[in-house]
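Student: Structure below; questions to follow.
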Amino acid sequence: MTWNTLQTALAAHNYVASDDLSVALHLALSLERPLLLEGAAGVGKTEIARTLSLTQGTKLIRLQCYEGLDASQAIYEWNYQRQLLTIRSAAEDGETGKAVEDRIFSREFLLERPLLAAITQDAPPVLLIDEIDRADEEFEAYLLEVLSDYQVSVPELGTIKATCKPIVILTSNGTRDLSDALRRRCLYTYVEYPDRATELAILQARCPEVEAHLAAQIIGFVQKLREEELEKTPGIAEMLDFAAALMGLGIADLTDDPAVLQSTLTTLLKTQSDQAQITSEVAARIAGKAA
Amino acid sequence: MSRVTRFASRDPGPAARVVGFIAHLRDNGLRLGVAEADLGLTALTHVNAAAPDECRRVLRAICTGSKEEADQFDALFDSYWMDAGRVKQRIIPKLHAAMTDDAHSSRDGKGEDASASGTSTTPDTEDGEADSDGTGKLIATEQRNLSRRDLRDLVRGEEIAEAEAIARRMGAALRDKRSRRRIAARKGDRLHFRKTIRRSLSTGGEPLRLMRKRRPDRTRKIVALCDVSGSMSVYAQVFLAFLAGLMRADKDTDAYLFHTRLVRITEALRDKDTMRAIGRMSLMANGFGGGSKIGPSLQRFADTYAKRFVDGRSVVLILSDGCDTEPAEHIAAALTKLKKRGCKMVWLNPLKGWRDYAPVAGGMAAALPHLDLFQAANTLDDLAALEPELAAL
């Protein structure tokens, strides 16, 4: 498979990937390396993992990182309730000591969390580690160990070896710098906001019912809006919401009614000062330019 | 295809060329090793390596690790592979060339800067006024200084060690904001009874898992912006050592230099070899000692990096004299924007140490209402004396 076929396969599932991203994905697949994606919020970093799992026909396993994420939520945890019930019922049956202990510390009682689940599948799944920059640095170090050895050691059970190497995709919004060790082990791509043609293709793939004229207007409007000095620049997801809102209101042309346009801006502008800055006159002017 | 670099006929082959390219990137500040060269070669077998664009994408995915590096990569790629058909004679640089390289630490190297009479790591004089070619101008200058200045001339290793100790204490003073309340934590010092009892319900009333709590560390991140324009160059020695020390004391610190442009030096300062870190920094601070555009630089900071790295737990430390060539409104607007992110703002001004100093410079006056602390600092001792004030923030 070349990267072009991968790009076409992604496009068949409504994901328009840039050449850079396709090459990087292709390399990640063929070299079996994790791929680190950075970029502003809403440029489709998470979506690429979902689409990749569709094209590969495999499961998507997602680990959402947050501050304070620990091993029991990321790797494994014992099923305490079941263990307790088993101990009680074993006591009633007269079963004792070692036999019970062996039984309650078996795989049956182990709750698999995303990382363990990802390495014990039959077919290699897509493992999405989302917003890795939110997790603590200790977790980053632990993740490195799992990703390089592909094994997890459980003290009561021994080491669980991987049955397959997952396709790992890490995303980061850049709220803190990641460690050099992690960056070194991953391939890297910075995902930019798409250009006009790409974004138009995305809109047409996702919302085919939008007319060509309106679609061009929407993309022109959003692209112009990104050039304004905003606190939160609208991403692709916001652009799609905006298109859906316009469709729902049955608007055929952006320049028709400034009041309606202003009311639909709630899908694009997400802070109070941004909304105050883009008044209906400004919006009308941008729409006029975009048309 | 005529743009592609041609290689001399005695060239040992494509593998050596890729290794040479990795060395080229390494010379330009990217941190790459043998593993990347190996991976790069393997990766090129997976695509059509004869197409320049595909090579570029493949090598970019492998050799870069951050947005800054990715932005830099294209130019480096062009300079090595797209040298307009010129024949490249030697692919792998000679070893001794690397030893005297600009970015390499050479403690006994002779200073070859026109202005310096001492060795490259020792300034001319000991009293902190190492800069000899300026006349200590205190007005902001328009012109950009295009001459390269090696910052290693200004900073000595011992000073960094001293600054590191001070920075560590200052960092601790800023950081240790203990909360009185305790929150749930895995390795707490006390038991969290409410959580333990609640949790015991699911195990039939047996408190199998003891939940714990502790006082959380309210860590504060220091973001330092240092002015290295002409008017500040006499103080640069102190402040650069201080930045390097700050970085060593706490790796979460974020550091920037500005004169007419803003440069992020966090990555460069992370280098373990102190003098090499300063060397890398001087490569980045091209234009050092030139004019000052404080307002636009701060605005650029507020619009770009601050969105990612500054939050309510940050302390923004500005080291500048406030002499700006641009209108003062820029500074006010930038600081208002920064303040909205909820950070504490500290301005350390070397001029404030002077007798009869009043913050009359337009920029400084505009900045004052936004600052949480405005203090003098022109020597390391002054910085050390700031500790109690910072602790009280």
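Values in this text are rule-based calculations from the coordinates and carry no lab data. Owing to the predicted nature of the structure, the values given are computational and were not obtained by experimental measurement. Here Cβ is always computed from backbone atoms with ideal geometry, including for glycine, and neighbour counts include all displayed protein chains.
Student: Percentage of Cα-Cα pair distances in the range B:210-261 greater than 12 Å, rounded to whole percent?
Tutor: Working: 931 of 1326 pairs.
Value for the range B:210-261: 70 percent of Cα pairs lie more than 12 Å apart.
Student: Compute the normalised compactness of the range A:196-290: alpha-carbon radius of gyration over 2.2 N^0.38 Å, N being the residue count.
Tutor: The reported ratio for this selection is 0.97.
Student: Between A:T163 and B:R261, what FRET efficiency follows from the Cβ-Cβ distance if R0 is 60 Å, with the result rounded to 0.05? Walk me through the numbers before you get to the answer.
Tutor: Values: r = 52 Å, r/R0 = 0.87.
Computed FRET efficiency for A:T163 and B:R261: 0.70.
Student: Now, a different point. May I ask you to derive the FRET efficiency for A:S89 and B:L41 from their Cβ-Cβ distance with R0 = 51 Å, giving the value to the nearest 0.05? Walk me through the numbers on the way to the answer.
Tutor: Numbers: r = 60 Å, r/R0 = 1.18.
Working from the Cβ atoms, E equals 0.25.
Student: Under 18 Å between alpha carbons, and skipping anything fewer than 8 positions from A:K224 in its own chain: which lysines qualify?
Tutor: Those lysines meeting the cut-off are A:K232, A:K270, A:K289.
Student: Each label point is 7 Å from the Cα along the Cα-to-Cβ direction; what then is the distance between the points at B:A358 and A:Q121, in nm?
Tutor: A separation of 7.2 nm, rounded to one decimal place.
Student: Counting each pair of different Cα atoms once, what's the Kirkwood radius of the range A:51-113 in Å, rounded to one decimal?
Tutor: For the range A:51-113, the Kirkwood estimate is 14.4 Å.
Student: Provide, in order from the shortest bin, the percent of all Cα-Cα pairs of the range B:195-314 in each 5 Å bin, continuing until the bin that contains the maximum pair distance.
Tutor: Pair shares across the bins are 2, 10, 17, 17, 15, 9, 4, 4, 4, 5, 5, 4, 3, 1, 0.
Student: Only loop residues by DSSP count here, and only those with at most 14 other Cβ atoms within 10 Å; note down the GluC sites (Glu not before Pro) in the range A:209-271 that meet that.
Tutor: Answer by residue number: A:E209, A:E211, A:E228, A:E229.
Student: State, to one decimal in nm, how far the label point of B:K272 lies from the label point of A:T271, with both points 7 Å from Cα in the Cβ direction.
Tutor: My value for the distance between the label points is 4.0 nm.
Student: Hey, can you rank B:255-266, B:236-247 by average C-beta count inside 10 Å, highest first?
Tutor: B:236-247, B:255-266
Student: For B:K67, list the aspartates and glutamates whose Cα falls under 14 Å from its own Cα; do not include residues on the same chain fewer than 8 positions away.
Tutor: Partners found: A:D20, A:E38, A:D177, A:D180, A:E192, B:E267.
Student: Counting only DSSP beta bridges with both residues in chain A, what percent are antiparallel, rounded to the nearest 5?
Tutor: Of those bridges, close to 30 percent are antiparallel.
Student: Now, a different point. Could you name the aspartates and glutamates whose alpha carbon sits less than 19 Å from that of A:K59, not counting residues in the same chain fewer than 8 places away?
Tutor: A:E32, A:E47, A:E112, A:D122, A:D130
Student: Which value, to two decimals, describes the C-alpha radius of gyration of the range A:18-159 once divided by 2.2 N^0.38 Å?
Tutor: 1.31
Student: With the cut-off at 1.5 for a/c, could you classify the range B:290-393 from its C-alpha gyration tensor as rounded, prolate or oblate?
Tutor: Because a/c hits 1.5 or more and a/b fails to exceed b/c, the range B:290-393 counts as oblate.
Student: Under a plain spin-label model, where a point goes 7 Å from the Cα along Cα-to-Cβ, how far apart in nm are B:V4 and B:A49?
Tutor: That separation, rounded to one decimal, is 1.2 nm.
Student: How long are the semi-axes of the equivalent ellipsoid of chain A, defined as square roots of 5 times the Cα gyration tensor eigenvalues? Whole Å, largest first.
Tutor: 46, 22, 18
Student: Right, something else. Based on the alpha carbon coordinates of the range B:322-383, what radius of gyration and maximum Cα-Cα distance (Dmax) apply, in Å?
Tutor: 12.1, 35
Student: Name the residues whose placed amide hydrogens come within less than 5 Å of the amide hydrogen of B:K221, ignoring near sequence neighbours (fewer than 5 apart) on the same chain.
Tutor: It is B:S314, B:V315, by chain and number.
Student: Compute the angle between helix A:212-227 and the longest alpha-carbon principal axis of chain A, please, reported from 0 to 90 degrees and rounded to the nearest 10.
Tutor: The angle comes out at about 80 degrees.
Student: Full-extension gain between B:H370 and B:M82, please, as 0.36 nm times their residue separation minus the C-alpha to C-alpha distance.
Tutor: Length difference between fully extended and current span is 98.7 nm.
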